[in-house]
Amino acid sequence: MRVCVLGLGYIGLPTALLLADAGHEVIGVDVDKSVIERLSMGMVSNEEPMMLNLFKRTTERFHAQTEVPLADAFLICVPTPVDGELRVADLSCVKNAASMIAPQLREGNLVIVESTVPPGTMSALVIPILKKSGLESDQFFAAYCSERALPGNVLHEMVHNDRIIGGKDIQSANKAMALYSSFVKGNIHLTNMSTAEFIKVMENTYRDVNIALINEMAKIAEDNNIDIWEARELANKHPRVNYVKPGPGVGGHCIAVDPWFLTNNPGNCQLIKASRDVNDNMPNIVLGAVKTLVKDVENPTITILGVAYKANVSDARETPALKFIRLALNEGFTIRVHDPHVKRFDYLLEDLSDATFDSDCIVLITDHEAFRAINPQQLRVRNKILLDTRNFLDHEAWIKSGFDVKVLGRPEIMKGASDIEQAVAPKAKEVLEQRIST
Ligand SMILES: NC(=O)c1ccc[n+]([C@@H]2O[C@H](COP(=O)([O-])OP(=O)(O)OC[C@H]3O[C@@H](n4cnc5c(N)ncnc54)[C@H](O)[C@@H]3O)[C@@H](O)[C@H]2O)c1
């Protein structure tokens with residue numbers, strides 16, 4: 001089959017390569033010329049395991065260009081951000097992609113949208129644009145099939161996750177299923193288009209609401225002098241309770257964005273909106289904790305460890321770190337940033353020693369595995385203060401090195417050992433044990 005994939009980003013490129021690997025002739029299309037140029041030079045992110053191998057293996061069956069060619073099937077994998085002001089889905093790229101396909105659409109072709117969209121988008125927006133081809137809607141096939149792959153493990157999950165396909169009609173659903181079956185090993189479930197569109201947004205909203213719930217619990221716990229990390233662990237001993245971890249907020253292209261796709265009827269979405277607000281407000285909570293920690297420091301310098309929206313990836317879209325940085329700058333704090341994964345960011349990225357030099361407070365925002373290797377003894381900071389928003393680092397080691405350690409959601413600050421005490425520093429565990437006995 002000749003397949004055209006529009007949008008060669010985090011989702012489109014691996015999908016295109018998997019289709020090529022399954023034997024299809026694949027033409028990747030991107031409106032951004034730099035994407036095509038990078039691919040023509042063989043530049044593929046090495047963040048996804050096996051991606052470069054797959055790219056090399058499929059050079060004969062995959063090529064990239066800016067124009068939409070004739071094809072048997074078209075997949076739309078373009079961005080669908082949230083309109084920051086209106087708080088609704090910005091569907092301009094989807095509209096544009098469908099408009100680019102329309103002149104090339106022929107009878108019997110299949111069009112699949114993978115981009116996350118509000119329910120009803122296929123019927124109300126995409127199919128009417130495709131009909132500008134001159135074809136009636138029963139002359140082509142259309143389906144919605146969202147992606148659930150986790151960044152950092154995309155290729156494996158694209159193959160092994162279950163898929164939901166919503167067809168314009170049963171023939172469309174079956175055609176789409178045949179195409180995905182060429183590389184998907186997970187189960188494929190068929191439904192109608194609106195239900196499939198809705199399911200994708202439901203999934204990410206579920207995650208956002210659950211994160212908001214634990215973040216809210218963390219605030220309540222702290223107010224009541226309770227350690228949320230201990231409370232969460234014990235609550236999760238209940239066979240039907242499974243709290244996720246609290247943190248500094250929610251980022252990325254999906255969870256922080258997609259719930260807004262459901263909020264056009266205010267009467268139906270109070271919990272969803274409240275959850276978005278709770279998570280969007282977490283950088284303010286982090287700022288509050290930092291302000292307490294540096295209250296005696298004049299003109300403090302704050303070092304941010306990690307600005308990616310999640311661990312071990314370079315993606316900083318919608319990261320809560322950005323909001324925290326803006327809030328901290330607004331307080332007059334000096335900000336230094338270190339992230340071993342992120343290459344492009346709104347603020348200067350420095351190496352660890354520069355970013356921590358003369359720092360008054362280190363704030364861990366992202367739980368990158370690389371941060372576990374930091375030796376706190378080697379940091380040339382001015383004040384030894386650590387705020388760990390993810391309860392991630394080896395606090396014992398930091399306390400032994402003289403750092404005061406505050407964990408978001410844990411009421412007390414674990415005091416760093418003085419020079420004399422360092423040899424016999426109290427263990428973080430002992431500090432917690434003291435809490436139990438008081
Ligand atoms: N990244 C994820 O983890 C993830 C997971 C599930 C679903 N999704 C959804 O998949 C969709 C794509 O996300 P992404 O992260 O791959 O985006 P991305 O920003 O990484 O890539 C999208 C690409 O599409 C290109 N593009 C824009 N308009 C185009 C057009 N008209 N024709 C051709 N190319 C065009 C852009 O230049 C860009 O290179 C979004 O709707 C997103 O919500 C993403």
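For the stretch 305-326, the set of residues classified as away from the ligand (no atom under 16 Å from the Cβ), of a type in the set (A, V, I, L, M) and within 19 Å of residue 409 (Cβ to Cβ) consists of 305, 321, listed by residue number. Scanning the stretch 31-58 for residues that are modelled with pLDDT under 95 and part of a loop (DSSP other than H, G, I, E, B) yields 41, 42, 43, 44, 45, 46, 47, 48, 49, 50. Quick one: would you say residue 322 is assigned by TED's automatic domain parsing to the domain that holds residue 381 and either without any contact (Cβ under 8 Å) to a residue 12 or more places away in the chain or farther than 25 Å from residue 152 by Cα (or both)? When the stated conditions are applied, residue 322 does not pass them.
Residues in the stretch 95-103 include none that are outside the structural domain of residue 318 (by TED's automatic domain parsing), within 18 Å of residue 318 (Cβ to Cβ) and at pLDDT 95 or above.
The single condition from (1) assigned to a helix (DSSP H, G or I); (2) surrounded by fewer than 18 Cβ atoms within 10 Å (Cβ to Cβ); (3) under 23 Å from the mean Cα position of the chain (by Cα) that residue 212 fails is (2). For the stretch 356-368, the condition holds for no residue, the condition being that it is in a helix (DSSP H, G or I), surrounded by fewer than 19 Cβ atoms within 10 Å (Cβ to Cβ) and not charged (D, E, K, R). Scanning the stretch 32-68 for residues that are under 18 Å from residue 314 (Cα atoms) and in contact (Cβ under 8 Å) with a residue 24 or more places away in the chain, we see that the one that is farthest from the ligand (Cβ to nearest atom) is 50. Looking across the stretch 191-213, just one residue is under 21 Å from residue 242 (Cα atoms), in contact (Cβ under 8 Å) with a residue 24 or more places away in the chain and among the hydroxyl-bearing types (Ser, Thr, Tyr), and that is 205. Filtered by the rule that a residue be more than 16 Å from the ligand (Cβ to nearest atom), over 19 Å from residue 121 (Cα atoms) and charged (D, E, K, R), the stretch 132-177 gives a lone residue, 175. Using the structure shown, decide if residue 14 is within 27 Å of residue 181 (Cα to Cα) and either assigned to a loop (DSSP other than H, G, I, E, B) or at pLDDT below 95 (or both). It is false that residue 14 is within 27 Å of residue 181 (Cα to Cα) and either assigned to a loop (DSSP other than H, G, I, E, B) or at pLDDT below 95 (or both). Search the stretch 134-155 for residues that are under 20 Å from residue 200 (Cβ atoms) and in the same structural domain as residue 75 (by TED's automatic domain parsing) and pair each with any residue that is among the polar types (S, T, N, Q) and within 13 Å of the ligand (Cβ to nearest atom) when their beta-carbon atoms are under 7 Å apart and the residues are at least 6 apart or on different chains. Partner pairs satisfying both residue conditions: 146/116; 148/161; 149/161. Taken over the stretch 17-30, the residue count meeting the criterion of being assigned to a loop (DSSP other than H, G, I, E, B), over 22 Å from residue 106 (Cβ atoms) and more than 23 Å from the chain's Cα centre (by Cα) is 1. Of the residues screened, residue 265 is one that is over 23 Å from residue 352 (Cβ atoms) and free of Cβ contacts under 8 Å to residues at least 12 places away in the same chain.
The values are calculated or read from the model by the stated rules, or taken from the named source; none is laboratory data. Because the structure is predicted, anything quoted here is derived from the model rather than measured. Backbone-built Cβ (ideal geometry, glycine too); neighbour counts: all protein chains shown.
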